[in-house]
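The values are calculated or read from the model by the stated rules, or taken from the named source; none is laboratory data. This one's a predicted model, so the numbers in the text were calculated from it and none came from an experiment. Here the Cβ is made from the backbone with ideal geometry for all residues, glycine too, and neighbour counts use every protein chain on show.
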Amino acid sequence: QEYNNKYINNNNNNNNNSNSNRIYYCYYQYRYFHPSFLTDIIMLRLISVLLFITAVNAIPVDNGVEGEPEIECGPTSITVNFNTRNPFEGHVYVKGLYDQAGCRNDEGGRQVAGIELPFDSCNVARTRSLNPRGIFVTSVVVISFHPLFVTKVDRAYRIQCFYMEADKTVSAQLEVSEMTTAFATQIVPMPVCRYEILDGGPSGQPVQFATIGQPVYHKWTCDSETVDTFCAVVHSCFVDDGNGDKVELLNADGCALDKYLLNNLEYPTDLMAGQEAHVYKYADRSQLFYQCQISITIKEPNSECARPQCAEPQGFGAVRSRNGGAAAASRQVAAFRVLKKRDVRDENVVDVRTDLNTLDINEEFTPLPDALRHRSVEHREYGHPVIVSTMNQGICMSLTGFTFVGMLAFAIFVVAIVVALTLLRSNSGKH
């Protein structure tokens with residue numbers, strides 16, 4: 001301020017026009033660099049930034065699912081209904097099949113949204129089980145509250161219905177003379193089987209996301225309460241993209257068809273099979289759905305389990321079928337639409353199923369973090385958003401935590417500047 005006063009006094013000797021201009025310039029310079037004026041500007045900008053961040057975090061779609069979905073397991077289809085907090089303006093669709101009108105329901109104006117899924121379409125998975133004996137019907141349904149995009153309030157649900165097979169017992173009265181023999185029977189439960197794709201080898205963790213070419217291990221395991229009682233053979237395996245494009249990997253005898261996709265299986269134990277492979281994908285789809293059949297037989301005493309006798313598979317021998325062809329589809333419609341008791345030939349056959357998400361080819365290979373690559377323990381976590389990122393060194397945190405830490409650091413920085421400028425102004429006033 002002392003410098004500015006001297007500057008003004010020195011210029012009073014000049015003409016009025018020039019003096020007026022220079023006085024105005026010095027006044028502007030004084031106001032611009034004065035600490036109190038800078039403090040006002042910084043505080044105003046800080047308030048604007050905080051209001052902007054608050055506004056950005058406070059604009060999700062004002063709707064959501066109330067309670068749990070209502071599921072109806074019908075004789076030919078599964079029906080899912082959602083109760084919403086406000087009138088619904090969005091879509092309910094099968095995950096991965098949004099572009100198919102029959103697998104999507106567009107609702108508007110009501111507080112109830114739902115969809116009906118026939119057994120023979122929309123990638124509805126049907127897997128037979130021996131323990132418990134019956135059929136599991138499974139699908140993944142997404143409810144989206146925005147008419148155009150998937151947002152943070154949307155949810156995905158894994159819907160599953162179980163249809164139990166009922167065994168009918170027929171009895172008749174029979175009179176027996178003389179001495180009768182008492183029989184003691186014990187029911188041995190059938191094994192429970194699963195199919196997993198593991199990271200790297202037989203002892204790896206189940207894979208959720210993988211990159212093309214990544215080594216994995218296909219593993220089939222059946223758990224039994226008894227030892228040396230059952231034998232298991234894996235056969236009739238295929239992979240599909242969830243849209244009807246199927247490729248057969250193992251034939252009905254359990255032999256591999258394409259060595260580049262999956263080689264002949266190895267059987268380390270009576271109830272376990274496996275084989276190493278490398279990850280691949282369809283050209284335009286990231287998801288792969290695998291399904292196989294496992295035949296369970298009784299093991300003969302003092303003998304080994306029978307295994308498939310297969311020749312070395314050739315390359316590019318996998319059999320591709322698009323919806324099985326028109327003739328095959330017409331023959332299977334009735335069987336697929338109605339769940340019936342299994343055929344006598346399939347009395348001890350169980351279906352197992354798994355899936356894999358494959359990332360596209362990149363110019364540079366970047367390994368995925370373990371939290372993203374492996375599946376969770378409690379079960380394959382449907383409906384949770386995943387952020388794909390790689391990190392060599394650093395700290396990983398959620399978006400909310402990062403926003404909070406960033407705002408806190410910015411506030412501390414601004415407060416430090418304000419304190420420094422206040423001290424500077426007080427020191428200038430003393431001089």
Within the stretch 151-169, which residues are assigned to a loop (DSSP other than H, G, I, E, B), of a type outside the set (D, E, K, R) and at pLDDT 55 or above?
Thr151, Val153, Ala166
Condition set buried (at least 18 other Cβ atoms within 10 Å of the Cβ) and not in a strand (DSSP E or B), scope the stretch 91-120, selection modelled with the lowest pLDDT: answer is Gly96
Residues within the stretch 294-316 that are touching a Lys or Arg at 6+ places or on another chain (Cβ under 8 Å) and in contact (Cβ under 8 Å) with a residue 60 or more places away in the chain, tallied
1
Exactly one of Ser303, Ser330 is exposed (fewer than 14 other Cβ atoms within 10 Å of the Cβ), hydroxyl-bearing (Ser, Thr, Tyr), modelled with pLDDT of 90 or more and out of contact with any His (no Cβ under 8 Å at 6 or more places or on another chain), and that residue is Ser303
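Out of the stretch 237-263, which residues are more than 26 Å from the chain's Cα centre (by Cα) and in a strand (DSSP E or B)?
Filtering the stretch 237-263 for residues more than 26 Å from the chain's Cα centre (by Cα) gives 250-260, 263.
Passing the criteria: Leu250, Ala256, Asp258.
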Yes/no for Ser203 being surrounded by fewer than 19 Cβ atoms within 10 Å (Cβ to Cβ) and either in the same structural domain as Glu300 (by TED's automatic domain parsing) or of a type in the set (Val, Ile, Thr) (or both)
yes
Report yes if Asp253 is within 30 Å of Thr226 (Cβ to Cβ) and surrounded by 17 or more Cβ atoms within 10 Å (Cβ to Cβ), otherwise no.
no
Restricting to the stretch 281-295, what's the tally of residues that are at pLDDT 95 or above and in a loop (DSSP other than H, G, I, E, B)?
0
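Return the only residue of Phe88, Phe136 being in a strand (DSSP E or B) and buried (at least 17 other Cβ atoms within 10 Å of the Cβ).
Details: Phe136 fails: buried (at least 17 other Cβ atoms within 10 Å of the Cβ).
The conditions single out Phe88.
Okay, residues lined up against (1) more than 17 Å from Val349 (Cβ to Cβ); (2) aromatic (Phe, Trp, Tyr):
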| position | (1), (2) |
| --- | --- |
| Ile197 | yes, no |
| Phe230 | no, yes |
| Asp241 | yes, no |
| Leu261 | yes, no |
| Glu266 | yes, no |
| Gln275 | yes, no |
| Ile298 | no, no |
Looking only at residues in the stretch 139-153 that are surrounded by 19 or more Cβ atoms within 10 Å (Cβ to Cβ) and not hydroxyl-bearing (Ser, Thr, Tyr), which one is nearest to the chain's Cα centre (by Cα)?
Val140
